[in-house]
Structures are given as structure tokens and as C-alpha cells.
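The values are calculated or read from the model by the stated rules, or taken from the named source; none is laboratory data. Since the structure is predicted, the reported quantities are computational estimates derived from the model, not experimental observations. Methodologically, a virtual Cβ is constructed for each residue, glycine included, from the backbone with ideal geometry; neighbour enumeration extends over all protein chains shown.
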Amino acid sequence: MAQRAGLEDPERYLFVDRAVIYNPATQADWTAKKLVWIPSERHGFEAASIKEERGDEVMVELAENGKKAMVNKDDIQKMNPPKFSKVEDMAELTCLNEASVLHNLKDRYYSGLIYTYSGLFCVVINPYKNLPIYSENIIEMYRGKKRHEMPPHIYAISESAYRCMLQDREDQSILCTGESGAGKTENTKKVIQYLAHVASSHKGRKDHNIPQESPKPVKHQGELERQLLQANPILESFGNAKTVKNDNSSRFGKFIRINFDVTGYIVGANIETYLLEKSRAVRQAKDERTFHIFYQLLSGAGEHLKSDLLLEGFNNYRFLSNGYIPIPGQQDKDNFQETMEAMHIMGFSHEEILSMLKVVSSVLQFGNISFKKERNTDQASMPENTVAQKLCHLLGMNVMEFTRAILTPRIKVGRDYVQKAQTKEQADFAVEALAKATYERLFRWLVHRINKALDRTKRQGASFIGILDIAGFEIFELNSFEQLCINYTNEKLQQLFNHTMFVLEQEEYQREGIEWSFIDFGLDLQPCI
């Protein structure tokens, strides 16, 4: 177990001071009072000492206030000795039960220790604040170390995956799961940060795939590893949004594959995305935002860019359902500049960036197109086409052809094509569908463009490390098809996790003849899935 005397920042967020834990008086008190865990409505579980046993019931005295209570003997859970307080790996607990796991995680969290091992995997509790444990100095502390030599950290998991890949010549994957707001995306970025550092810092050379005669400034080219680090900020701007649970919620899933050569250098990367919540581009729940890029653009664009993109105020767009909702502690204007800088580092040209922003502006314009029902007929009409003209200017379309396609689209009847007049409801639906499809195509192009920048070598690499980061499990007051897709995916991943960690392990016990009662770890959910 990692220990360190005289803890200082940032070490106090990593190491446990065992001198405080190994207190003989605390051990004696635990032994004398026969402390156990009993159920509590307020805390989940609370400590109590056994006073008297009466058949199936036990009289206990609460450690917090001295009150006595009768509890069922089956509801009592054993408490671990004080020497196991804030243990780094819960597999080491003598009494491994729900109360002990909860207490250990809670005790460590309140001490600033957010990472805890549980056997082969690592439990992370979101601190909802920045901790000083992600610097290059901390990376160097974990570099080349075995897992048991250092306290729990996402860097230790990353180092373990990296070493296993190099030594065993086997591809590795890191799976980040949890509910919305648990910290999956942030820890994914820390994995990439660690790998980019340890797999490149010993190169001592620039990436030779970058043309030296490029007219662009060197800072806009960057090394492959530097570009890899910029992929996440770009994707977050276009694929993340503020929800009631999370200020930076991923509204899509991604699998990041980092390719390495036989010596452990990064030679390329590839990103696959899944389940973009494109409906958020046109409609948001109360107190929620659409994708960050819309607010960044409207807040950060200069007067010249606003003129080129025909931008207006937040309250002038119907697709921004709740107007402008700020994110505490962040400025969309500053984030816009960071997104633009990330694109320059990724090698995006000025024309590419401008074209992308025109598409973003056009999605907002889609929402301002209005139709009305013609008198004495169900046919829709566009009483005023100023918005359509703006939209077509941004997308380079003919306004007459666009209007005709919405109001009287051509449909195939047999071998012939005929024009069919649309109702107001059909026209509104078509515009929303076009807006969602436009944004989705933009996002797909963006991912393709990033992959093109990250895969310049066109080589597969000897091995890879994959990091999966998907939208977390969520339940709202009003749930839609998106929540069904997200939660179904999370349940499937949880079943994979259960099968790998528990079922296969228990089958190994049976093969080796170990006495063991088979435990169902959530497998009863399979029929529902």
C-alpha cells in the first residue's frame, strides 16, 4: 500500500497518512464496542455497537448519538478493523460488504482521495472541482511504476494498459462507465494526456510527417501528440451540452483508438462516434442548452464574422429554446477562442473553419423559417422568405429551388415524378428534419477531418489502446428515444462488464474446484435487455 509521511499538496490528494490510521486507541475502541453497520435512512448505513441479542433481533447503540434501537440480525453487516480505514484496494477488506464499500469510498472522498481500486477496476468519484493531481510531475511519478507501487489514479490504469500492450503485444481497451456527470469524459482526457506524454516525450524529435516547407506557422501544425490532445476540445464544442445533471455532458459516444509502433511511439489515432443526440440542435428541455458551439459562436464572434455569418442575438433564434443560459465558472467567448485555436493546431484551414461556422449559423436559421396555412386549403405557404434567403446564402443554395423543395417536393409515383403540396405541419417537420440532418452531417465531417489529421502515416500500428467514452446513464422527468438508446447501451456495457469481471471469474473457480456459491451479479437484467 502506498504511504507517504508529511503529506503536502498535491500528495495529500493521492497518499494516505498511515500513521494516523494505525492508532492503537482506535483499534481498542473498535474491539471493545463490537462495532457493526446497521441500515440508516439518512446515511445508508451507520455505525453501532451490539448490546444484546434477542433471538432474531439485536439491540444496538448508535455510535453517533448513543440512542438504542432494535434491528433484525440479518440487516447487520460486519465492520472492518480501523487498520483498513481508507484502504486503497477494497479487495483487501476483511469484511467485504455493501456498508464497508460505501464507507471506504465515502471516507476517502471526504479526505480528497477520489480514486479507489476495487480489484481489477478503479472507482472514481467526481470531486466537482479541479485537483492538482494531473500535472507532468504527477505523470512522471506514475511512469514506469507497477500498479501496487503507487496510489490509485487514472494514470496508473493508463500505465498498466500501456505496459501490458508493450510487454504482451496485445491490444488494450479502457472502458469508462457511469451515470451522467460521473466524470467519464474528463478521465478519458486524462488517459489521452498520459499516453501522449509517455509515448512521445522520449522521442526527442519532431514528427517528420509534417512538411517543413508549409507556409503556416509551426504552432498551427503541431506534433501528432499535440493534435491528439486537441481533438477532445473540438468534439466537446460540437458534441457536448449543458444538461440539468452535467454542465459538459457528452451527447454522443466515442471510441478513441490510439495506434503505437513496436517501440511504443504513437503513430496515429482514429475516433469513432456513436449516437449523436441531433434532436438537441432543434429542441432542448427546460434549463438545458443545445451544443456548446452555438453559444460560443454567438458570444465569441467578432463584428466582421457576425456580418459574414448573418448572426443575431440569442433570443432571435427559435432553436435556442431557453435563450442564453450561462455555465457557472465558464465564459463561452473564451471557449470559442480555445476551440478556434484547437482547430488551427489540428491543421484546419481558414476556409474550412469558416464553412463549418456557416453551417452552424444555417442550423439556427432553419428554426426561424415560418409557414402559414393557405385560406380554404391545407397547403402551406411561406409568407416571407427573408430567412430562407439568409439560409440559402450561407449554404450556397438557390432560394427558389429550396422553397419549392420544402413546399412542393417531387415524389415518385410509379415511373413518374409529381409535385405534392405540403401542409404547414409537414413543412415544419421537414425544416426540423433538415436542420438535424445538416448538423449531423457537419459532425460526421468534423470527425472525418480530425481522423484525417491524426492518421497521417496511413499505418495501422503494431498495437493499439482503445478508450470508450459514451453518454452516461440518465433518467429525466421527461425521457425520449435518446434516453432509451443511451440507457440501453449502458446496460449492455454493464452486462459485458459483469460477464468479464464476475461470470468468467466464477467459472474459473469452478474449473479449479474451489468451493463457491454462484452469485448473480445483475444477470437477471438480460431478459429485459
Checklist (1) farther than 27 Å from LYS358 by Cβ; (2) of a type in the set (A, V, I, L, M); (3) surrounded by 16 or more Cβ atoms within 10 Å (Cβ to Cβ) applied to VAL413, failing item | (3)
Hey, among the residues in segment 59-100 that are farther than 16 Å from TRP30 by Cβ and among the aliphatic types (A, V, I, L, M), which one's surrounded by the most Cβ atoms within 10 Å (Cβ to Cβ)?
-> MET90
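Taking the conditions exactly as written (among the β-branched types (Val, Ile, Thr), closer than 23 Å to MET343 by Cα, in contact (Cβ under 8 Å) with a residue 24 or more places away in the chain and not in a helix (DSSP H, G or I)), does ILE467 satisfy them or not? Give the derivation first.
Values: among the β-branched types (Val, Ile, Thr): yes; closer than 23 Å to MET343 by Cα: yes; in contact (Cβ under 8 Å) with a residue 24 or more places away in the chain: yes; not in a helix (DSSP H, G or I): yes.
Considered against the rule, which asks whether it is among the β-branched types (Val, Ile, Thr), closer than 23 Å to MET343 by Cα, in contact (Cβ under 8 Å) with a residue 24 or more places away in the chain and not in a helix (DSSP H, G or I), ILE467 comes out as yes.
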How many residues does segment 1-55 contain that are at pLDDT 70 or above and part of a strand (DSSP E or B)?
-> 18
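Can you find even one residue in segment 325-345 that is under 30 Å from ALA430 (Cβ atoms), surrounded by fewer than 19 Cβ atoms within 10 Å (Cβ to Cβ) and more than 24 Å from the chain's Cα centre (by Cα)?
Residues of segment 325-345 under 30 Å from ALA430 (Cβ atoms): 325.
Now drop any that are not surrounded by fewer than 19 Cβ atoms within 10 Å (Cβ to Cβ), which leaves 325.
From what's left, more than 24 Å from the chain's Cα centre (by Cα): none.
So far as segment 325-345 goes, no, none of its residues is under 30 Å from ALA430 (Cβ atoms), surrounded by fewer than 19 Cβ atoms within 10 Å (Cβ to Cβ) and more than 24 Å from the chain's Cα centre (by Cα).
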Among the residues of segment 278-294, is any under 18 Å from ALA231 (Cα atoms) and in a helix (DSSP H, G or I)?
-> yes
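One residue is enough: does segment 491-514 have a residue meeting the conditions closer than 30 Å to GLN227 by Cβ, charged (D, E, K, R), modelled with pLDDT of 75 or more and not in a helix (DSSP H, G or I)?
Of the residues in segment 491-514, the ones closer than 30 Å to GLN227 by Cβ are 493.
The next check asks that each one be charged (D, E, K, R); those that pass are none.
No: zero hits.
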Odd one out for ASN316, checked against (1) of a type outside the set (Phe, Trp, Tyr); (2) surrounded by fewer than 14 Cβ atoms within 10 Å (Cβ to Cβ); (3) free of Cβ contacts under 8 Å to residues at least 40 places away in the same chain = (3)
With (1) modelled with pLDDT of 95 or more; (2) of a type outside the set (A, V, I, L, M); (3) under 16 Å from ARG318 (Cβ atoms); (4) loosely packed, with under 14 Cβ neighbours inside 10 Å as the list, and LYS372 as the residue in question, which single condition is left unmet?
-> (1)
State the number of residues belonging to segment 178-199 that are closer than 20 Å to GLY253 by Cβ, in contact with a Lys or Arg (Cβ under 9 Å, 6 or more places away or on another chain) and either modelled with pLDDT of 95 or more or small (Gly, Ala, Ser) (or both).
-> 4
